[in-house]
Amino acid sequence: MENQDCIFCKVIRGEMKTEIQYQDEHVVAIKDIRPQAPVHLLLVPKRHISTLLSVKDSDQALLSHIFQTANEIARKGGFADNGFRIVINCNPNGGQTVYHLHVHLLGGRFMTWPPG
């Protein structure tokens, strides 16, 4: 169920303009507005899921699709072989600021640990 006030739902419905890097029937990939790496995309499922804690068993195929899409983007973007980072923030202490599940895909530079 989509959330009428959710910024990502608005992007998916075409109510907010953004630079879409990839799109299919299940997911959209957009540039992060505060990039932390040369490549910083957000992979957003088109179906509203508030947090990682809201994922159900029936979402397994969707999650697999999101990760396969991240792999495809990394390969086509030329940064897969050097490596990349996938991040999912969950709730306030996890750094989640938009309550629509999304996967950060970061690449194009060496990633340090701990991230912050």
- Task: Mind counting lysine pairs for me in the chain? Cα separation below 21 Å, and the two need to be 8 or more apart along the chain or on different chains.
- Result: 7
- Message: If each DSSP helix of 4+ residues adds -39,500 (n - 2.57) and the sum is divided by the residues in the chain, what number results at 222 nm, nearest 500 deg cm²/dmol?
- Response: -7000 deg cm²/dmol
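Counting other Cβ atoms within 10 Å, keep those with at most 13, restrict to DSSP loop, and tell me which trypsin sites (Lys or Arg not before Pro) in region 4-88 are left.
Details: sites: LYS10, ARG13, LYS17, LYS31, LYS46, ARG47, LYS56, ARG75, LYS76, ARG85; in loops: LYS17, LYS46, ARG47, LYS56.
Of the trypsin sites (Lys or Arg not before Pro), the ones in loops of region 4-88 whose Cβ has at most 13 other Cβ atoms within 10 Å are LYS17, LYS56.
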- Query: Angle, helix 60-77 long axis vs. longest principal axis of the chain, Cα atoms, 0 to 90°, nearest 10?
  - Reply: 40 degrees
- Query: Taking a ≥ b ≥ c as the square roots of the eigenvalues of the Cα gyration tensor of region 28-116, is the shape rounded (a/c under 1.5), prolate (a/b larger than b/c) or oblate?
  - Reply: oblate
- Message: At 0.36 nm per residue, and after removing the present C-alpha to C-alpha distance, how many nm does the segment from TRP113 to SER64 gain when stretched out fully?
- Response: 15.1 nm
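Suppose every K and R has +1 on its Cβ and every D and E has -1 on its Cβ; what is the size of the dipole of the chain about the Cα centre, in Debye to the nearest 20?
Working: 12 positive and 11 negative charges, 55 e Å.
Here the chain has a charge dipole of around 260 debye.
As an exercise, identify the GluC sites (Glu not before Pro) in region 10-89 lying in DSSP coil whose Cβ has no more than 13 other Cβ atoms within 10 Å.
Filter output for region 10-89: GLU15, GLU19, GLU25.
Count charges around ALA74 for me, please; just the other residues with Cβ under 12 Å from its Cβ, Lys/Arg as +1, Asp/Glu as -1.
Details: positive: ARG75, LYS76, ARG85; negative: GLU72, ASP81.
The answer is +1.
Could you give the accessible area per residue of the chain, probe 1.4 Å, as a whole number in Å²?
Per residue, the chain has an accessible area of 63 Å².
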- Message: Strictly under 4.7 angstrom between C-beta atoms: which cysteines of the chain have no such partner?
- Response: CYS90
- What shape does region 54-96 take by its C-alpha gyration tensor, where a ≥ b ≥ c are the square roots of the eigenvalues and a/c under 1.5 counts as rounded, a/b above b/c as prolate, and the rest as oblate? oblate
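The values are calculated or read from the model by the stated rules, or taken from the named source; none is laboratory data. Keep in mind that this is a model prediction, so the values were computed, not measured. Because the Cβ atoms are built from the backbone with ideal geometry, glycine has one as well, and the counts that use them run over all protein chains shown. Just the protein is used for accessible areas: all its heavy atoms, side chains included, with ligands, DNA and RNA removed. Shrake-Rupley method; radii C 1.70, N 1.55, O 1.52, S 1.80 Å.
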